[in-house]
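The values are calculated or read from the model by the stated rules, or taken from the named source; none is laboratory data. Just so you know, these numbers come straight off a predicted model, no measurement behind them. Methodologically, a virtual Cβ is constructed for each residue, glycine included, from the backbone with ideal geometry; neighbour enumeration extends over all protein chains shown. Ligands, DNA and RNA are stripped out before the accessible areas are found, and what is left, the full protein with its side chains, is counted by its heavy atoms. Shrake-Rupley method; radii C 1.70, N 1.55, O 1.52, S 1.80 Å.
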Amino acid sequence: MYKYGVLLSVLLFSSSSMAWNCSEERTISTELDIGAVADIRVQAGAGELSIKGSDQRGKIGLVAKLCASDESVLSEMDVETEIDNEYVSIETSMPKKWSGNTSMSIDLSLVVPKGSRLDVKDSSGDLEVKGVSELTLVDSSGDIKIKNIEGKVDLADSSGSIRMAGVGEAEVADSSGAIDVRDVVKDFTINVDSSGDIEVQGVGGDVLVKVDSSGSIDVKDVAGSFTVEKDGSGGIRYDNIEGEVDIPRRKR
């Protein structure tokens, strides 16, 4: 096994002004040679995150926009990577201590091989992932867009809307925010949803909602069964379900 760590250097520095007092800014742009490694772990803090699959093999394109309200804070921000023959790790790094009026974020954009299996942990900010093999995602806040994932999506989200389309199969746990899911090849499961409307259309397998606390459920065009095990407030509507429908009796 070979293993090395890379602390990405600053390639560009500039000063700018943003609405939330991003007075200091720099950009990191680099390409990582990853060989045949398919497992990629990403850990991102505050800021937007974009991950897109491409036909290019053995490389990851990385662009990060670092923004802070103070130059001393910016100097402590970076993106750290680690590569071995089992996985690639990419992590944004920010100061652990700062004053209460400090603003900072890192917008991270990755272009990865389309056969990549992603394990992503994201703190805050909007997130988009598309065109990869598999995705495991834990997200704290911000809107999520997921598209064209060949295999399974396993998603745990605290807050923010979820939009998903063109995935192999999916399993979701969500605290708050609307869920909109389209075109799932196999099964779609919601283990728990605390609040927010659920819309699901075009599922090749079964649709299962284990626990839904509040918000409406609207399910259409399902080749398998549709089941809601436990539901709080909000109506349940369904149409064109080829298999069995099993919902709480008071919602029928």
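Only residues that are part of a strand (DSSP E or B), of a type in the set (G, A, S) and either at pLDDT below 95 or open to solvent by 50 Å² or more (accessible area, probe 1.4 Å) (or both): list them for segment 176-232, please.
Going through segment 176-232, the residues part of a strand (DSSP E or B) turn out to be 176, 179-184, 188-195, 198-203, 207-214, 217-222, 226-232.
Of the ones still in play, those that are also of a type in the set (G, A, S) are 176, 194-195, 202, 213-214, 232.
If the condition is that a residue be part of a strand (DSSP E or B), of a type in the set (G, A, S) and either at pLDDT below 95 or open to solvent by 50 Å² or more (accessible area, probe 1.4 Å) (or both), then S176, S194, S195, S213, S214, G232 are the ones that fit.
Give me the residue from segment 77-118 that is open to solvent by 60 Å² or more (accessible area, probe 1.4 Å) and under 21 Å from the mean Cα position of the chain (by Cα) and, out of that set, farthest from E31 (Cα to Cα).
Looking at residues that are open to solvent by 60 Å² or more (accessible area, probe 1.4 Å) and under 21 Å from the mean Cα position of the chain (by Cα), I get R117.
Just the residues that are closer than 27 Å to V37 by Cα and either outside any strand (DSSP E or B) or open to solvent by 10 Å² or more (accessible area, probe 1.4 Å) (or both), please, taken from segment 52-76.
K52, G53, S54, D55, Q56, R57, G58, K59, G61, V63, K65
So which residues in segment 35-51 are part of a loop (DSSP other than H, G, I, E, B), crowded, with 18+ Cβ neighbours inside 10 Å and not aliphatic (A, V, I, L, M)?
Scanning segment 35-51 gives G47, E48.
Which one of these does L137 not meet: (1) closer than 30 Å to V184 by Cβ; (2) touching a Ser or Thr at 6+ places or on another chain (Cβ under 8 Å)?
Unmet for L137, out of (1) closer than 30 Å to V184 by Cβ; (2) touching a Ser or Thr at 6+ places or on another chain (Cβ under 8 Å): (2).
Within the set of pairs 6+ apart or on separate chains, which have a first residue in segment 188-217 that is under 20 Å from E150 (Cβ atoms), a second that is among the β-branched types (V, I, T) and open to solvent by 10 Å² or more (accessible area, probe 1.4 Å), and C-beta atoms under 7 Å apart?
Within 7 Å, the pairs are G204/V185.
Quick one: count up the residues across segment 233-252 that are at pLDDT 95 or above, exposed (fewer than 14 other Cβ atoms within 10 Å of the Cβ) and more than 28 Å from the chain's Cα centre (by Cα).
Summing the residues that are at pLDDT 95 or above, exposed (fewer than 14 other Cβ atoms within 10 Å of the Cβ) and more than 28 Å from the chain's Cα centre (by Cα) in segment 233-252 gives 5.
Which ones in segment 156-169 are aliphatic (A, V, I, L, M) and over 26 Å from R57 (Cα atoms)?
Quick first cut of segment 156-169, residues aliphatic (A, V, I, L, M) only: 156, 162, 164-165, 167.
Hits for segment 156-169 are A156, I162.
Consider D139 carefully, then state whether it is under 10 Å from the mean Cα position of the chain (by Cα) and open to solvent by 20 Å² or more (accessible area, probe 1.4 Å).
Numbers: under 10 Å from the mean Cα position of the chain (by Cα): yes; open to solvent by 20 Å² or more (accessible area, probe 1.4 Å): no.
Judged against the criteria, D139 is not a match.
If G45 meets every condition in (1) modelled with pLDDT of 95 or more; (2) farther than 16 Å from T30 by Cβ; (3) under 15 Å from the mean Cα position of the chain (by Cα) apart from one, which number is that one?
(1)
So, G115, is that one of a type in the set (G, A, S), within 28 Å of E244 (Cα to Cα) and in a loop (DSSP other than H, G, I, E, B) or not? I'd like the intermediate steps shown before the answer.
Details: of a type in the set (G, A, S): yes; within 28 Å of E244 (Cα to Cα): no; in a loop (DSSP other than H, G, I, E, B): yes.
Considered against the rule, which asks whether it is of a type in the set (G, A, S), within 28 Å of E244 (Cα to Cα) and in a loop (DSSP other than H, G, I, E, B), G115 comes out as no.
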